[in-house]
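Since the structure comes first, as structure tokens, the remarks are kept for the end.
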Amino acid sequence: MENLRSLAEIKNQMANDELSLVDLCKHYLNKINNSDSNAFIEVFEDEALIKAKEIDEKFKTGNAGLLAGMIIGIKDNICYKGHCVSASSKILENFNSLFSATSVQNLITEDVIIIGRLNCDEFAMGSSNENSIYGPVHHPLNKEKVPGGSSGGSAAAVAEQLCLATLGSDTGGSIRQPASFCGVYGLKPTYGRVSRHGLLAYASSFDQIGVFTHNPEDAALMSHVMSGDDGFDGTVSSEKPNSKTIKPLQKKLQIGVPEDYLNFKNLDKEIKLQFDEILNDLSNSGHQINKLQFPFVKYIVPCYYVLTTAEACSNLARYDGAHYGHRSELANNIETTYETTRTEGFGIEVKRRIMLGNFVLSSGYYDAYFTKAQKVRRLIKNKTKEMLSDNDVLLFPTCPSTAFNIGEIKDPISMYLQDIFTVHANLTGIPAASIPIGTHSNGLPFGIQIMSDHFKEDLLFSFSQQLMSLKK
Ligand code: GLN
């Protein structure tokens, strides 16, 4: 079962009576028990096994859903009815979901099995999975290293094969950066493609639910199932979902490479070199590489942090000791309820962002920071539209480096700069995927990032498939 890295392989073995879902589920449960990565924070053992038995039966009678055979884990900021969801925060410890996220419900309808809940950075704020009440997640290949964040548990679980696929959320890179660090495929769909209903909000105009898989085929199928109109989320598009299967690339592409990203001073030399080799291979196979100017690189991280902290401080106002989760024992009137609950309940990074968000929204600073950042976002969007009118896709590395050591990055600004290549897709809403294509001489994997225009996931998947074949 170690070699089962795609739904197609699993279905094939099930169809030939070589594999039962019950056995596959037991295999994963056993691996989870023996893993020391701290990726899973809760396992739904009994119910997963019951479900596996049910779906085995359905499969035999030909009545199983599209995703029968797929066993997944979900990030601890996505609601699953009757199960805990805490955003890896003390403030929501032991909070039970009252409903399932639309994306989760859509997957369940197609017979996915959910095996457990995955560690993440508190409220999805972070790039290393070190900000979690459950402790850090360890990189599957090297326990001293981080798996990336904030969906670190989701990336590590797929890389370690503790389940076939996982759900994560991506506000500024939280799927693509850990996918790059752990050597798996990570997809952030177009903003509005997948309903955010049931995703604990961090920055609502950026957040998207997406997936970690071993290959673009499984990601395409999951995205197809999760997508679509939803009365619970007014920002979801009624645009037709991407196709279930990936069509091989029909034409040679115009590939835009914004050179300013490649000039970032902290970009690892070897990643840059291998990226250049990939460009060479692509050009040799007939694609056209177009070097582009993108003069906004130095504004991209500040713009992201002004806007997301502003949205976060509003979204997190609801955790007040009255509505959800934790309430301090020291609370004795309305003021101390807020103060002591929030002081005890939130971790340091979340508090920093609430303070920053309140600052950029405060009177006197609103125009200088928040309004200015909105304008910068518009300029970045316009420039990106222009780049994508002449190019089918944009291509650059997912991250400046491979996984770093746990405890290594202490300065928040250095941590924020981890997001320099990923926030572009969230600021503009376009879809993006990290392709696990490179291996560094330090033995760690790294990804290359593809972006396409809004709702062009089909193209993104076709090109992903082609890029995967260039794996070094
Ligand atoms: N690292 C980024 C941040 O801390 C991205 C987080 C995310 O995508 N959820 O905001």
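Quick grid of which residues meet (1) open to solvent by less than 60 Å² (accessible area, probe 1.4 Å); (2) polar (S, T, N, Q); (3) under 30 Å from Leu460 (Cβ atoms); (4) in contact (Cβ under 8 Å) with a residue 24 or more places away in the chain:
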site: Thr341; (1), (2), (3), (4): yes, yes, no, yes
site: Thr371; (1), (2), (3), (4): yes, yes, no, no
site: Asn382; (1), (2), (3), (4): no, yes, yes, no
site: Asp392; (1), (2), (3), (4): yes, no, yes, yes
site: Asp411; (1), (2), (3), (4): no, no, no, no
Identity of the residue in region 251-284, under 24 Å from Gln465 (Cα atoms) and free of Cβ contacts under 8 Å to residues at least 12 places away in the same chain, that ends up surrounded by the fewest Cβ atoms within 10 Å (Cβ to Cβ): Asn284
From the options Val137, Val104, Val146, residue that is within 25 Å of Tyr324 (Cβ to Cβ), at pLDDT 95 or above, within 16 Å of the ligand (Cβ to nearest atom) and open to solvent by less than 10 Å² (accessible area, probe 1.4 Å): Val137
Residue check for Leu162: more than 13 Å from the ligand (Cβ to nearest atom), of a type outside the set (S, T, N, Q), in a loop (DSSP other than H, G, I, E, B) and open to solvent by less than 30 Å² (accessible area, probe 1.4 Å): yes
Total residues in region 24-37, condition surrounded by 13 or more Cβ atoms within 10 Å (Cβ to Cβ) and either on the phi > 0 side of the Ramachandran plot or free of Cβ contacts under 8 Å to residues at least 24 places away in the same chain (or both): 1
Residue within region 381-395 that is within 16 Å of the ligand (Cβ to nearest atom) and either farther than 25 Å from Ser434 by Cβ or not hydrophobic (A, V, I, L, M, F, W, C) (or both) present: no
Failed item, numbered, when Gly173 is tested on (1) surrounded by 24 or more Cβ atoms within 10 Å (Cβ to Cβ); (2) in contact with a Ser or Thr (Cβ under 6 Å, 6 or more places away or on another chain); (3) over 17 Å from Asn131 (Cβ atoms): (3)
Within region 376-434, tally of residues that are out of contact with any strand residue (DSSP E or B) (no Cβ under 9 Å at 6 or more places or on another chain), aliphatic (A, V, I, L, M) and assigned to a loop (DSSP other than H, G, I, E, B): 2
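Let's see how each residue does on (1) away from the ligand (no atom under 16 Å from the Cβ); (2) of a type in the set (A, V, I, L, M); (3) under 21 Å from Ser180 (Cβ atoms):
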site	(1), (2), (3)
Pro216	yes, no, yes
Leu249	yes, yes, no
Pro258	yes, no, yes
Lys265	yes, no, yes
Lys269	yes, no, yes
Ile278	yes, yes, yes
Gln293	yes, no, no
Options Asn131, Asn77: the member that is open to solvent by 30 Å² or more (accessible area, probe 1.4 Å), within 13 Å of the ligand (Cβ to nearest atom), of a type outside the set (Gly, Ala, Ser) and within 18 Å of Ala312 (Cβ to Cβ): Asn131
Given (1) within 16 Å of the ligand (Cβ to nearest atom); (2) open to solvent by 10 Å² or more (accessible area, probe 1.4 Å), number of the condition Gly152 does not satisfy: (2)
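The values are calculated or read from the model by the stated rules, or taken from the named source; none is laboratory data. Predicted, not measured: the structure shown is a model, and the values here were computed from it. Note: ideal-geometry Cβ built from the backbone for every residue, glycine included; neighbour counts use all protein chains shown. The protein model used for the area step is the full one, side chains on, heavy atoms only, and it has no ligands, DNA or RNA in it. Shrake-Rupley method; radii C 1.70, N 1.55, O 1.52, S 1.80 Å.
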